[in-house]
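One structure is given below, encoded as structure tokens.
The values are calculated or read from the model by the stated rules, or taken from the named source; none is laboratory data. Bear in mind the structure is a predicted one, so any value in this text is a computation, not a measurement. Cβ placement follows ideal geometry from the backbone for every residue including glycine, while neighbour counts extend to all protein chains displayed. With ligands, DNA and RNA removed, areas are computed over all heavy atoms of the protein, side chains included. Shrake-Rupley method; radii C 1.70, N 1.55, O 1.52, S 1.80 Å.
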2 protein chains.
Amino acid sequence: MALIVQKYGGTSVGSPERIKNVARRVAKFKAQGHDLVVVVSAMSGETNRLIALAKEVQANPDPRELDVVISTGEQVTIGLLAMALKELGVDARSYTGAQVKVLTDSTFTKARIQSIDDEAMRADLAAGRVVIVAGFQGVDAEGNITTLGRGGSDTSGVALAAALKADECQIYTDVDGVYTTDPRVVPEARKLKTVTFEEMLEMASLGSKVLQIRSVEFAGKYNVKLRVLSSFQEEGEGTLITFEEDPTMEKPVVSGIAFNRDEARVNVTGVPDKPGIAYQILGPVADANIDVDMIIQNLGQDGTTDFSFTVPKNDLARAIKVLEGVQNHIGARSVVGDDKICKVSIVGVGMRSHVGVASTMFRTLAEEGINIQMISTSEIKISVIVDEKYLELAVRVLHRAFGLDRD
Amino acid sequence: MALIVQKYGGTSVGSPERIKNVARRVAKFKAQGHDLVVVVSAMSGETNRLIALAKEVQANPDPRELDVVISTGEQVTIGLLAMALKELGVDARSYTGAQVKVLTDSTFTKARIQSIDDEAMRADLAAGRVVIVAGFQGVDAEGNITTLGRGGSDTSGVALAAALKADECQIYTDVDGVYTTDPRVVPEARKLKTVTFEEMLEMASLGSKVLQIRSVEFAGKYNVKLRVLSSFQEEGEGTLITFEEDPTMEKPVVSGIAFNRDEARVNVTGVPDKPGIAYQILGPVADANIDVDMIIQNLGQDGTTDFSFTVPKNDLARAIKVLEGVQNHIGARSVVGDDKICKVSIVGVGMRSHVGVASTMFRTLAEEGINIQMISTSEIKISVIVDEKYLELAVRVLHRAFGLDRD
């Protein structure tokens, strides 16, 4: 008899038949006596269809009006799921973000949730109804429709779980949990029973893409018990994301291998090795609204140094252009970009208490003749940049080297 | 410098290109110094697509949830039109029915408008913005999304014009005005410069389908100046719907020939000719939620009489079944249906002061050998039921007989 928030992604509700399947699953939980709040995404493909429509009208769509248009995707799904539940004899009621209401700031297309009014939902739950809420969307203080950005439905789910103090937030997706790495790259990849919040954060941001990173941060902040499950399998416990470390539990040194194909490298060579140079380089890049991920500055020689960082592949040309504009002012020798690279990371809370993890990683890559271009480390991960043609090989040999293919 | 409410139907906004055309037209009016409130329908086909989706999930969709789903059609259009206007450099802001807010009762799928809050719209107009409002939808006192029923966008337009005391409400559609009859049936049909409110009511309800009847009633009640125009022609004054009769103006005796293919006839024969019999027959039909249009009761003979009425073709089988259930109770001899009929009507305010109109009509039909099955008259129209195979012939000869093919 728990209060459970379930979130179903676009693939899980991608057709009327799949929506009926979700309804059957919800009805099963309801029949077990649980209270249920269900958060849904737009049917798969719908958000892209709406964005394409908008771009046909305005190449660079007005953000407020884009939110008006794309928020309809989730609105369709909530209505359909409520119908599917009623068809099964389960009382249900749908709510848009504005109706709930999910109050956000006014940053259209990537708004942040400020508060959620749980009154109507509590009344419905008390009356025995399943509550269905449109993910991805909210409303600002002036009543404008807002959206939370791509993958925002995960955040909606976690935020609702936090507001309702739900016993568990279940994220249903097309994978049945968090794996040691992408099974499409390494068939021996195994599903993790648990993964710590910090590992999940590193894996999500490194491209594991199971959960939107903001939702994991949210879950950590409000201590929401978060579980990832498959919406296509009847059974299975999925992967539980834990927040408190149990010191008695033995941790694997490395929990998973993450990777990201979507980064490109920028090298600024021969810059004067003096205070403020990092800001002079990265300031204009940030002003151009380009996200920077890894940043490396080598020790200088002869009064100059080389400075490297990675950006999304899509933004590489723009980043190069920005830096060429300030190259003379900075006094740099050259600005060079490379989009034929990828990032591979090993992640694990066990690293903290184990030595030799980095050297195992580097030796393993060296044995395969894979050259490491950049290295960046944190407490629980080590990331390297390598030529993108080595991605699959690197992930596979690291997965084996850290024993992730064995239970 | 007028305040104009313009309403564009589904065909007028049926593609991104057409939405841009509407934006150009709106911008032209705006450039002339007018204040503009624009009401739009869903892109053509969209409402049907959404209804089909709902029916795949629930054969008989829950009305509240159906409104949640189908109201998204107009929401997409308002966002797109606002973008198209901004692309032209015209400031604009979109509003859903709930945002405006268009307060309705809670009769989902066919709600009635109770009030409209004009505050936000007035502020936008004062700031020089074009206001765009989703037609067809509203919100009830509890915040539930409602819709106004098919064609409800016309009603939204007129209701907004009434609330804002607009100088004119322009209904843009795929025809350029109200014609003396359907030009597809009679190529000589002419566009009317003006048509009276009462004639329009009769023509709309008789199947001319240019405007939703409820919107015309609304316009009459609140004295809204209503004009029908084509969204596909740059020029043209369309047809103005007038409410005050100008006694000095010569009226044509007959303004138009309307027709309806969608009716079926029910005959209940040999019923006892006694008080209450009409109610005993029509009560059960009304209880079954079947609309009845023409009703004819002949003078009785030998203590019994025949009773006839028309219903929508789709409801004929159900009406027959209902009546067979009460046939013995009523004491009727037989219940017979015929769906191979149609209704043809002549409409004109001039009829009031002219005699001989009915006999011209009947003689014209008789000369073509068209048998009249039922007759019903009102002050400004005469309707007959004839075999449906005669529809085109009847409309054509009546159009000529009343001189409608001549200017």
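Within the stretch A:274-305, which residues are of a type in the set (A, V, I, L, M), within 20 Å of A:ASP262 (Cα to Cα) and part of a loop (DSSP other than H, G, I, E, B)? Let's see the steps before the verdict.
Looking only at the stretch A:274-305, we keep the residues that are of a type in the set (A, V, I, L, M), and these are A:277-278, A:281-282, A:285-286, A:288, A:290, A:292, A:294-296, A:299.
Those left that are additionally within 20 Å of A:ASP262 (Cα to Cα): A:282, A:285-286, A:288, A:290, A:292, A:294-296.
Matches in the stretch A:274-305: A:ALA288, A:ILE290, A:VAL292, A:MET294.
Of the residues making up the stretch B:28-59, those that are of a type in the set (A, V, I, L, M, F, W, C), without any contact (Cβ under 8 Å) to a residue 24 or more places away in the chain and facing chain A (nearest Cβ under 10 Å) are B:LEU50, B:ALA52, B:LEU53, B:ALA54, B:VAL57, B:ALA59. Of all the residues in the stretch A:29-68, those that are open to solvent by less than 20 Å² (accessible area, probe 1.4 Å) and closer than 28 Å to A:ALA161 by Cβ number 10. Residue check, B:PHE243 against (1) of a type outside the set (D, E, K, R); (2) open to solvent by less than 50 Å² (accessible area, probe 1.4 Å); (3) under 18 Å from the mean Cα position of the chain (by Cα), all met but one. Which one? B:PHE243 satisfies all of (1) of a type outside the set (D, E, K, R); (2) open to solvent by less than 50 Å² (accessible area, probe 1.4 Å); (3) under 18 Å from the mean Cα position of the chain (by Cα) except (2).
Checking each residue in the stretch B:28-60 for being small (Gly, Ala, Ser) and either closer than 22 Å to B:VAL100 by Cβ or not in a helix (DSSP H, G or I) (or both) picks out B:GLY33, B:SER41, B:ALA42, B:SER44, B:GLY45, B:ALA59. Tell me whether the stretch B:156-165 contains one or more residues that are open to solvent by 10 Å² or more (accessible area, probe 1.4 Å), of a type outside the set (A, V, I, L, M, F, W, C) and not in a helix (DSSP H, G or I). Looking for residues that are open to solvent by 10 Å² or more (accessible area, probe 1.4 Å), of a type outside the set (A, V, I, L, M, F, W, C) and not in a helix (DSSP H, G or I), one finds at least one in the stretch B:156-165, hence yes. Give the residues of the stretch B:1-27 that are within 14 Å of another protein chain (Cβ to nearest Cβ) and in a loop (DSSP other than H, G, I, E, B), sorted by residue number. B:VAL13, B:GLY14, B:SER15 - these are the residues of the stretch B:1-27 that are within 14 Å of another protein chain (Cβ to nearest Cβ) and in a loop (DSSP other than H, G, I, E, B).
Just one of the listed residues (A:ILE295, A:ILE257, A:ILE281, A:ILE277) is under 25 Å from A:HIS399 (Cα atoms) and surrounded by 14 or more Cβ atoms within 10 Å (Cβ to Cβ), namely A:ILE257. Screening B:GLY73 on (1) more than 23 Å from B:ALA219 (Cβ to Cβ); (2) surrounded by fewer than 17 Cβ atoms within 10 Å (Cβ to Cβ); (3) of a type outside the set (A, V, I, L, M) shows it passes everything except condition (2).
The test for being more than 18 Å from A:ARG406 (Cβ to Cβ), within 14 Å of chain B (Cβ to nearest Cβ) and either open to solvent by 10 Å² or more (accessible area, probe 1.4 Å) or in a loop (DSSP other than H, G, I, E, B) (or both) holds for A:GLY143. A:ALA82 meets the conditions (1) over 28 Å from A:PRO16 (Cβ atoms); (2) modelled with pLDDT of 95 or more in every case but one. The failed one is (1).
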